[in-house]
Amino acid sequence: MGDGRINRAIEQGRARTSEFKERVPEFKDRVPELGDELRTRRAELRERMPELGGELRTRSAELRARGGELARHYRKMDVSWARCGYARAAREALLSGVLGPLIDLYTRTSAVGRDVFAESVEPPVVFVANHSSHLDTPAILRAMPRKWRSRTVVAAAADYFYKQRWSAWAVALLINTVPLGRTGGGLSDGATDHVDRLIDQRWNLLMFPEGTRSRDGSIGKVRSGAAVIAANHGVDIVPIYVSGTHDAMPPGQNWPKRRRGKLFPRRHNVEVRFGEPIAPRDPAQRREVMAEVQAFWERKGLPEDGRDPSEIHDVLLIHEVLRIHEEAAGRERTGRFDKVIPLAPETVPDQPSPAA
């Protein structure tokens, strides 16, 4: 049976080859005709060139007008009253007294690198964080010092959170959002005028450059809009890495969940790591800037040498606590926990004894 199939395949191949050979003269006869068609088509395109140029200019004008309309639409969607003093006080009360304790039932949150707020940056800045859960934003805001949190707006997808007025008001009041487009061209033709005005008023901006939540917790495609905004305003970018939120509340889940334990469900460990600021650069270098941010995320927020600064901080904290305890107890200090350990006294070489 195998030989029969091979023979049939060979016969079919020979038949197709013969058919092709028979059609070769036909193709040769049509070559002049095809050449004439190509020349005619080229002449028609040359004649239509002015018309096509006019159509392109008209289309470009339509796109610019649509961009301006989109920018006006974003400004109209923005819930500006959510940034007044009363709204800020209500937001702090909701975040610290209601939403925060509810989230703490399901997660145990810790923050690393908060010294960046005291030592490295001054407002305004652009925060950029990875995104895998709706818990990311409240976790980041609660990890910030209060004075920074109260002056930070969160870029939210206009096509997701601002489709209905009640949802726009809710997220604006709860986490201080501003609408932004997450598709191509979302930063052009004045689409960020309302955000630019806020940065000029020394508001910080929190952005999620991936544009959407990761479905598996991995880092997705990183867009460069944050680097462009930072460059246009000459402000630093502060990278943030959030871990643990995807396990607690992945996309598609409307409320956090606990993880399974041997006897009782346990809380998820959520960690927010703040990185060293990245200085603004020319907008042409936006991809290089975001590559540094992505490298920080891929290191899970650790320094380039891989050492965890929180572990070093814990050791120094223990030494300081023990030093204070010794002083409070009135004991004689041993010097074990001094920042500078005194050097051992120099030994004096033995002098030769005088001759008898």
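So that you can scan it fast, the table gives a plain yes or no per residue for (1) under 26 Å from the mean Cα position of the chain (by Cα); (2) at pLDDT 80 or above; (3) in a helix (DSSP H, G or I):
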position	(1), (2), (3)
GLY4	no, no, yes
PHE20	no, no, yes
GLU26	no, no, yes
THR40	no, yes, yes
TYR86	no, yes, yes
ALA93	no, yes, yes
GLY100	yes, yes, yes
THR109	yes, yes, no
Pairs where the first residue, in the stretch 86-108, is surrounded by 13 or more Cβ atoms within 10 Å (Cβ to Cβ) and the second is aromatic (Phe, Trp, Tyr), C-beta under 8 Å, 6+ apart: ALA87/TRP81
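Inspect all residues belonging to the stretch 244-260 and state whether any of them is under 30 Å from GLU119 (Cα atoms) and within 22 Å of the chain's Cα centre (by Cα). Break it down stepwise before answering.
Our first condition is that a residue be under 30 Å from GLU119 (Cα atoms); within the stretch 244-260, this holds for 244-245.
After this cut, where a residue has to be within 22 Å of the chain's Cα centre (by Cα) as well, the list is 244-245.
Yes, the conditions are met somewhere in the stretch 244-260.
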Scan of the stretch 254-289 for residues that are in a strand (DSSP E or B) and polar (S, T, N, Q), ordered by number: ASN269
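Results for (1) modelled with pLDDT of 95 or more; (2) crowded, with 22+ Cβ neighbours inside 10 Å, shown as yes or no for each residue.
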{"site": "PRO145", "(1), (2)": "yes, no"}
{"site": "TRP148", "(1), (2)": "yes, no"}
{"site": "VAL154", "(1), (2)": "yes, yes"}
{"site": "ASP159", "(1), (2)": "no, no"}
{"site": "PRO179", "(1), (2)": "no, yes"}
{"site": "ARG197", "(1), (2)": "no, no"}
{"site": "GLN201", "(1), (2)": "yes, no"}
{"site": "GLY217", "(1), (2)": "no, no"}
{"site": "ARG223", "(1), (2)": "no, no"}
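Where in the stretch 130-237 are the helices (runs of 4 or more DSSP H), entirely inside, with at least 3 residues that are of a type outside the set (Lys, Arg)?
Numbers: elements: 136-143, 146-149, 158-161, 165-175, 193-200, 225-233.
Correct list: 136-143, 158-161, 165-175, 193-200, 225-233.
Take the conditions under 15 Å from ARG273 (Cα atoms), buried (at least 23 other Cβ atoms within 10 Å of the Cβ) and touching a residue at least 12 places away in the same chain (Cβ under 8 Å) and apply them to VAL116. Does it pass? Don't jump to the end; show me each part of the working.
Working: under 15 Å from ARG273 (Cα atoms): yes; buried (at least 23 other Cβ atoms within 10 Å of the Cβ): no; touching a residue at least 12 places away in the same chain (Cβ under 8 Å): yes.
So VAL116 does not fit the description; no.
In this structure, is ARG281 under 19 Å from HIS233 (Cβ atoms), modelled with pLDDT under 95 and touching a Ser or Thr at 6+ places or on another chain (Cβ under 7 Å)? Don't jump to the end; show me each part of the working.
Working: under 19 Å from HIS233 (Cβ atoms): yes; modelled with pLDDT under 95: yes; touching a Ser or Thr at 6+ places or on another chain (Cβ under 7 Å): no.
It is false that ARG281 is under 19 Å from HIS233 (Cβ atoms), modelled with pLDDT under 95 and touching a Ser or Thr at 6+ places or on another chain (Cβ under 7 Å).
The values are calculated or read from the model by the stated rules, or taken from the named source; none is laboratory data. Remember, it's a predicted structure, so these values are computed and weren't measured experimentally. All Cβ positions, glycine included, derive from the backbone under ideal geometry; neighbour counts span all protein chains shown.
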